[in-house]
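Data block below; observations after.
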Amino acid sequence: MKNKGNANQNKKDEQLEEFRADHKGEKLTTNQGLRLSDTEHSLKAGERGPTLMEDFHFREKMTHFDHERIPERVVHARGFGAHGYFQVYEPMTEYTKAKFLQDPTVKTPVFVRFSTVAGSRGSGDTVRDVRGFATKFYTEEGVYDLVGNNIPVFFIQDAIKFPDLVHSFKPEPHNEMPQASTAHDTFWDFVANNTESAHMIMWAMSDRAIPRSYRMMEGFGVHTFRFVNEQGKARFVKFHWKPKLGVHSLVWDEAQKLAGKDPDFHRRDLWEAIEMGDYPEFELGVQMIEEEDEFKFDFDILDPTKLWPEEEVPVKIIGKMTLNRNPDNVFAETEQAAFHPGHVVPGIDFSNDPLLQGRLFSYTDTQLIRLGGPNFHEIPINRSVAPVHNNQRDGYHRMTIDRGQTSYHKNALQGNDPQPATEAEGGYVHYQEKVEGRKVQKRSDSFKDHYSQAILFWNSMSDVEKQHMIQAFQFEVGKVKSKETRQKIVEMFHNVDGTLAKEIAAAVGVNPPTEPSPAKVTAASPALSQENSVKGAATRKVAILAGNGFNEAEVQPLMMALKEAGAHAMVISSALGEIKSESGQKLEVNQTLLTSDSVMFDAVYVAGGDIVSQKAAADFISEAYKHFKTIGVSSQAAALLAKAAVQPSEPGVITTGSASFHDQFIEALAQHRHWKRQL
Ligand code: HDD
């Protein structure tokens, strides 16, 4: 079932409608509209003869095909998007004049693209990487883009280093390996020689870099921006997206297996959730700092390698975004979407963060080559719903037919139209920050602390999260061939934590540090730990392993209970078709033991029947166990647990028998994972 969204309220959808073509019931034509009688045979001189130049259809079809690809994004090439809307909870008039943040009854259309950063367009979804979280708001004052990531800080402090950073994590140039992975020499060499990356590396080695779903990730604008209100008063602001489902991650072994078993895991998850009506929801939060408090913190608020601890600067939740429609065509919408942090509206302004300042150049520049010219704003997905009027003309693929004699300012022939708007009329006026200084190629001393917040992050992790990070470092640095680089990494992260450094050293064959760690920071920020995130069973996927002869009396009530909790059950058996219960009731099979895998689900319930004798079923259970997932077993299937070497007394293993089985199963499913198994 396809949700068409709020077609009446959704101006953007109406605008896109003009360009949609479903071709149903139509005759095949050339691009010139000529009806065609054949598209399977080229025009030949004789049945066995050569193809003729005159075959205009052959030439057109082939030429178009030959030019179907455009350059993939230089970073964030792999991504997936969805449409939706944003609504503010209450007027934000005190803080910003941005119109889309004033009226809670207004639904502002949005398009969001989630992405990985390092991999090519066809790479796996579940690799260890930062995730892009870019939102395009089609506001009545023009397009506003919030181009963020799922990690609140960045690797570098100045945009001029971005090409160096990206060259280091992309596949190495001599052999183009490895794909979509930072586990190689050049990246860790960059890290060791650019210690400003320490804080970001802690996040990248944490579970944040292997999200369970795009629907279960936070988003961050990263930089400090400005809110400006009607009176011209400005405040520093940082943007947050908080997923209603909480923040949850895969485990590394699972993420690696998924990259092979289902490279589309995250896009499929998003697509299916929207098709099923499980609309992903994210609340927009803002942290604000008064201008006069700019220097009151022990970090520089312009430094993009620093976050503002939520306990010090609370996140004010101001609205919600709901994603409720999949694209009709991935190329037309997602691939051609052009985001830019410089697309702002009145009431939102920039700070002098040197990373942000450089981004303001890079994004338009990249679209020129990727989308083939300066008119990419006219591509349907990029079009503003606010009218566009200016004196820009021509260029590749110009769609607008600009009428009139003048295309310059000032003019008298057309009464000087289009005219600049006053501020009262919505004309954008840059915030008049006073700036003073000498021209220097330098960074402020206030950017020199590279470790305090890396330590803060480490201190904020639960024991399990720390363990995952140690293993991530051991994996990544363990793939580095240069012993010198491995040694340098151990020394670098000794500044964060002594145990962390020792554990890395032990696994990667270099010397452990001999001195105690110089780390002094003792503070922690509980908001940084995923353990403290929202939990729940809604939208979770449960595999029901069942074969002929399964116990229907136990399965049906569980399926009902799952449905009520908003979770989704999938019946898995040896073959597609129908299976029969002991009493002859039929059940449709959704997937087989061959086409599905434990890693594709959040939990498993073994309903029993002839499937329990299969080794693949036992493997399914032991994988689920290894990945800390909830396992439920019917009375018929208890033997399978033993075969999978799983103790029924283990956390998150629920066996039929008690009247509260269903509640226990759903409660366990809602926990996401049962980490106690590991400890
Ligand atoms: Fe960037 C794409 C996010 C730093 C230059 N970036 C891109 C996308 C996201 C981000 C989400 C994909 C947008 C989409 O889905 O189409 N980038 C970030 C964040 C950064 C950041 C959160 C740091 C806080 N980026 C950054 C710097 C530069 C760039 C410092 C260069 C100076 N980013 C680009 C780019 C891309 C891009 C090369 C590639 C494709 C595109 O822009 O449209 O211009």
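A few comments on the model shown:
- Taking the Cα centre of the range 116-173 as reference, the dipole from Cβ charges on Lys and Arg (+1) and Asp and Glu (-1) amounts to some 240 debye.
- Annotation: aspartates and glutamates with alpha-carbon distance below 12 angstrom to LYS306 (same-chain offsets under eight excluded): GLU196, ASP298, ASP353, ASP449.
- Total lysine pairs under 16 Å (Cα atoms) in the range 535-677, excluding pairs fewer than 8 apart on one chain: 7
- Amide H contacts of ASP158 (H built 1.01 Å from N, under 5 Å, at least 5 apart or other chain): none
- Taking 12 Å as the straight-line reach from the Cα of LYS320, the aspartates and glutamates in range (excluding those fewer than 8 positions away in the same chain) are GLU90, GLU281, GLU283.
- Where the alpha-carbon atoms of the chain are placed on the principal axes, they occupy 89, 82, 56 Å, in descending order.
- Cβ crowding within 10 Å averaged over residues, with 154-164, 522-532, 436-446, 234-244 ranked highest first: 234-244, 154-164, 522-532, 436-446
- Cβ charges +1 (Lys, Arg) and -1 (Asp, Glu), total dipole of the chain, debye: 680 debye
- Between the listed residues LEU165, PRO243, SER613, the Cα displaced farthest toward the positive end of the dipole of the chain, a dipole computed from Cβ unit charges relative to the Cα centre, is found at SER613.
- Ranking ASN551, SER635, GLN647 by Cα position along the charge dipole of the range 535-677, where only Lys, Arg, Asp and Glu carry charges on their C-beta atoms, puts GLN647 farthest toward the positive end.
- Order by protection proxy (mean Cβ within 10 Å, highest first), peptides 511-520, 479-488: 479-488, 511-520
- With all protein chains kept in place, the per residue accessible area of the range 539-679 amounts to 42 square angstrom at a probe of 1.4 angstrom.
- In terms of packing, defined here as the mean over residues of other Cβ atoms within 10 angstrom, the peptides 550-559, 104-113 line up highest first as 104-113, 550-559.
- CD proxy at 222 nm, helix term only [per DSSP H run n ≥ 4: -39500 (n - 2.57); per residue of the chain; nearest 500]: -7500 deg cm²/dmol
- Given +1 at the Cβ of Lys and Arg, -1 at the Cβ of Asp and Glu and no other charges, the dipole of the range 535-677 around its Cα centre is 440 debye to the nearest 20.
- Partner lysines for LYS479 [C-alpha distance under 22 Å; skip if fewer than 8 residues away on the same chain]: LYS170, LYS257, LYS466, LYS488, LYS502
The values are calculated or read from the model by the stated rules, or taken from the named source; none is laboratory data. In this text the structure is predicted, and so the values were computed from the model without any measurement. Virtual Cβ from ideal backbone geometry, glycine too; neighbours counted across all protein chains shown. All accessible areas refer to the heavy atoms of the entire protein, side chains included, with ligands and DNA or RNA removed. Shrake-Rupley method; radii C 1.70, N 1.55, O 1.52, S 1.80 Å.
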